[in-house]
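Enquirer: Quick one: this structure, given as structure tokens, is what I'll be asking you about.
The values are calculated or read from the model by the stated rules, or taken from the named source; none is laboratory data. Predicted model only: the values in this text are computed from it and were never measured. Virtual Cβ from ideal backbone geometry, glycine too; neighbours counted across all protein chains shown. Accessible surface areas use protein heavy atoms only, side chains included; no ligands, DNA or RNA. Shrake-Rupley method; radii C 1.70, N 1.55, O 1.52, S 1.80 Å.
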Amino acid sequence: MADTRIESDSFGPLEVPADKYWGAQTQRSIMNFPIGWEKQPVAVVRALGVIKQACAMANKYLGSLDAELAGAIIQAAGEVIDGKMDDNFPLLVWQTGSGTQSNMNANEVIANRAIELLGGKIGSKTPVHPNDHCNMGQSSNDTFPTAMHISTAMTARDVLLPGLEKLHAALVAKVTEFDDIIKIGRTHTQDATPLTLGQEFSGYTHQVAMGIQRVKNALGHIYELAQGGTAVGTGLNTKRGWAEMVADNMADITGLPFVTAPNKFEALAAHDAMVEMSGVLKTVAASLFKIANDIRFLGSGPRCGLGELILPENEPGSSIMPGKVNPTQCEAITQVCAHVMGNDAAVGFAGSQGHFELNVYKPMIAYNVLQSMQLLGDAASAFTDNLVGGLRADATRIEQLMRKSLMLVTALTPEIGYDNATTVAKTAHRNGTTLKEEAVKLGFVSEETFDRVVRPENMVGPKAWGRRWPGMSGERSRKRSLTLRGHGTNVSLKDDFWNAFRQIAAGQGKQVNVLAAEIGEIGLASAMRLYVVHHLHAHLRD
């Protein structure tokens, strides 16, 4: 059996490997772009399979494509989606900026596989043609940006968000575990006032939670697909409603809420949605970098550093220093974060280069965004499994460092004034003595007063006021809007909460009595909840 077969394109015949499904245009790309080792991401390949299947389904439904041919194309495209044809997609990222070679790679592979399914001869383009049938109603100019969005959405769902959500859950557990451990805070890398280790980790937890939300917010624009714009956004060679039908098919195939882009000219010529997603990934990277660095430094030691955290010992850390263990998970994830930030710089520049009707930096944009998502998702998962999950606090070391801090003097400020408290701190630091010794010696407080006032456990939150304030949750200081959908009531809750209740009541045509004492006792938010549950709900049912 021959090692090659002859395929042809508009430039003429060309030898291609006999055991592969790709054709002449794919082979020419291999010859013309021997640049680097970065192959087209598998996620893009899967996305191209989704597109070809969805388009064949629409073309069959509209009667544009013979049902038998459509069935073979749909089956072959399904094999691409399932990963059965991965070794037939050899092309590199560095190719034409429209992704034409990768689009034709998909067309050729699917066409040849469909021909095989129908009992024909591979390479004959009969009865399935890569352009006429697999690319029907399509252009690389709308197909590749659609593949960019589909692959991004699938990678977010399958890799990035699961990794971040796993990390978030682990950090939530640490907040609870570390809730009662009081430690010294640090600002400007210098000693500051106390907080709990749980409070410190709550900051990390919220950073990750916000990162997850930012990714989800950015996905809204990623779900908008360019397919149907064809060459320049006009939809040439498609039928009315085809773009919407294809988007619906893609949503059904992937289980993701894809829709057709509202403006195809923007979808082809600009990739602002990808730039936005890349910016979100950079923000996530910045958050993870901060978290990993804090953990790295808090775990420094084990004897000559801060040593507040005990990091899991996963592997030997040195080829020369016996017994050394390094924060390797922190190092891995911060390297990933640095790389993601670099990827974003390239994506931002590439996104600005949409000359006239087509941006021709598409493969690089897709590669960088997908790589960033994959790296962040994988790194977050590994960081959770190999570090955060096994992280422990050295309570003895934390107590020791906290008790030595001069910044505990801040608790004395309301008692003796800022200037006197400064004198106590500076004198204790200069003499190598304790705050208590100097505060008493200087005559500012008695020992009993010092012990009563300087209590770290009372320094980790605001002091109790002694009276219930209606705005304790911040309701009085913020304007809120309550919209009762379907009932036409739109109410601004301002400082005058009595007014707010009256407006709501008036909007429902009812008179409602609310005791000021009740609001003062349980707070505005709680009073509102009780009001809605016990009074308004019955009227909404009406």
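Enquirer: What are the principal axis extents of the Cα atoms in region 108-153, in Å, biggest first?
Expert: 36, 18, 12
Enquirer: Separate question: Using a Förster distance of 22 Å, how high is the FRET efficiency between GLU399 and GLU437, based on the Cβ-Cβ distance and rounded to 0.05?
Expert: In this case the efficiency is close to 0.70.
Enquirer: Hey, another quick one. Could you please state, rounded to a whole Å, how far the C-alpha centre of region 1-80 is from the C-alpha centre of region 101-131?
Expert: 6 Å
Enquirer: Also: For the Cα atoms of the chain, what angle does the longest principal axis make with the long axis of helix 197-222, in degrees from 0 to 90, nearest 10?
Expert: That works out to roughly 30 degrees.
Enquirer: Does anyone have the angle between helix 42-61 and the longest principal axis of the chain? Alpha-carbon axes, 0 to 90°, nearest 10?
Expert: The angle comes out at about 60 degrees.
Enquirer: If you line up the Cα atoms of region 367-464 on their principal axes, what length do they span on each, largest first, in Å?
Expert: 67, 33, 27 Å, listed from the longest principal axis down.
Enquirer: What is the pair-distance distribution P(r) of the chain, computed from all Cα-Cα distances in 10 Å bins starting at 0, with each bin given as a whole percent?
Expert: 3, 14, 17, 17, 17, 14, 9, 5, 2, 1, 0
Enquirer: How many angstrom lie between the C-alpha centres of region 331-376 and region 396-452?
Expert: Computed from Cα coordinates, the inter-centre distance equals 52 Å.
Enquirer: Also, quick follow-up: Roughly how many percent of the accessible protein surface of region 106-158 is carbon and sulfur, given a 1.4 Å probe and a whole-percent answer?
Expert: With neighbouring chains kept in place, the figure for region 106-158 is 45 percent.
Enquirer: Once every DSSP H run of n ≥ 4 in the chain is given -39500 (n - 2.57) and the sum is divided by its residues, what mean residue ellipticity at 222 nm do you get, rounded to the nearest 500 deg cm²/dmol?
Expert: Computed ellipticity for the chain at 222 nm equals -17000 deg cm²/dmol.
Enquirer: Amide H neighbours of ASN359 under 5 Å, at least 5 residues apart or on other chains, H built in the peptide plane: list them.
Expert: ALA269, ALA270
Enquirer: Limiting things to C-alpha atoms, what are the Rg and the maximum Cα-Cα separation (Dmax) for region 65-123, in angstroms?
Expert: Every Cα atom of region 65-123 included, Rg and Dmax give 12.3, 36 Å.
Enquirer: Please give the net charge around VAL280, taking every other residue with its beta carbon less than 10 angstrom from that of VAL280, where Lys and Arg add +1 and Asp and Glu add -1. Each step should come with its number before you reach the end.
Expert: Working: positive: ARG214, LYS216, LYS282; negative: GLU276, ASP344.
Residues close to VAL280 contribute a combined charge of +1.
Enquirer: Once amide H atoms are placed 1.01 Å from N in the peptide plane, what residues at a sequence separation of 5 or more from THR260, or on another chain, have their amide H within under 5 Å of its amide H?
Expert: LEU225
Enquirer: Please list the three semi-axes, largest first and in whole Å, of the ellipsoid equivalent to region 294-337, using sqrt of 5 times the eigenvalues of its alpha carbon gyration tensor. Present the calculation step by step, with values, prior to reporting the outcome.
Expert: Values: eigenvalues 55, 46, 13 Å².
Here the semi-axes work out to 17, 15, 8 Å.
Enquirer: Could you give me D for region 115-266, from Stokes-Einstein at 20 °C and 1.002 mPa s, where the hydrodynamic radius is the Kirkwood radius over C-alpha pairs? Units µm² s⁻¹, please. Working shown, then result.
Expert: Values: Rh = 19.4 Å.
Using the Kirkwood radius from Cα pairs, D works out to 111 µm²/s.
Enquirer: Could you give the dipole magnitude of region 222-375 about its Cα centre, charging the beta-carbon of Lys and Arg +1 and that of Asp and Glu -1, in debye to the nearest 20?
Expert: So the magnitude is around 240 debye.
Enquirer: I've got another one for you. Which order do peptides 96-102, 193-199, 2-8 fall in by mean Cβ count within 10 Å, highest first?
Expert: Numbers: 96-102: 22.0, 193-199: 20.0, 2-8: 13.1.
Packing proxy ranking, top to bottom: 96-102, 193-199, 2-8.
Enquirer: Provide, in order from the shortest bin, the percent of all Cα-Cα pairs of region 1-157 in each 5 Å bin, continuing until the bin that contains the maximum pair distance.
Expert: Spelled out per bin, shortest first, that is 2, 10, 20, 24, 22, 14, 6, 2, 0.
Enquirer: Using a 1.4 Å probe, what is the accessible area per residue for the chain, in Å²?
Expert: 49 Å²
Enquirer: Output the Kirkwood hydrodynamic radius of region 1-66, Cα pairs only, in Å rounded to one decimal.
Expert: This gives a value of 14.5 Å.
Enquirer: Take the Cα radius of gyration of region 171-230 and divide it by 2.2 N^0.38 Å, with N its residue count; two decimals is plenty.
Expert: On the way: Rg = 19.2 Å, N = 60, 2.2 N^0.38 = 10.4 Å.
Computed over Cα atoms of region 171-230, the ratio equals 1.84.
Enquirer: Still on this structure: Taking amide H positions as placed in the peptide plane 1.01 Å from N, state which residues far from GLY185 in sequence (5 or more) or on other chains have amide H under 5 Å from it.
Expert: HN-HN under 5 Å from GLY185: ALA192, THR193, LEU195.
Enquirer: Sticking with this one: Please list, or write none, the lysines whose alpha carbon is within less than 18 Å of the alpha carbon of LYS174, excluding same-chain residues fewer than 8 places away.
Expert: Those lysines meeting the cut-off are LYS166, LYS183, LYS290.
Enquirer: If you place +1 on the Cβ of every Lys and Arg, -1 on the Cβ of every Asp and Glu, and leave all else neutral, what size is the dipole of the chain about its Cα centre, to the nearest 20 Debye?
Expert: For this selection, approximately 1440 debye.
Enquirer: Listed highest first by mean packing, meaning other Cβ atoms within 10 Å per residue, what order do 239-247, 116-124 come in?
Expert: 239-247, 116-124
Enquirer: Using only Cα atoms, tell me the angle between helix 497-507 and the longest principal axis of the chain; keep it within 0 to 90° and round to the nearest 10.
Expert: 40 degrees
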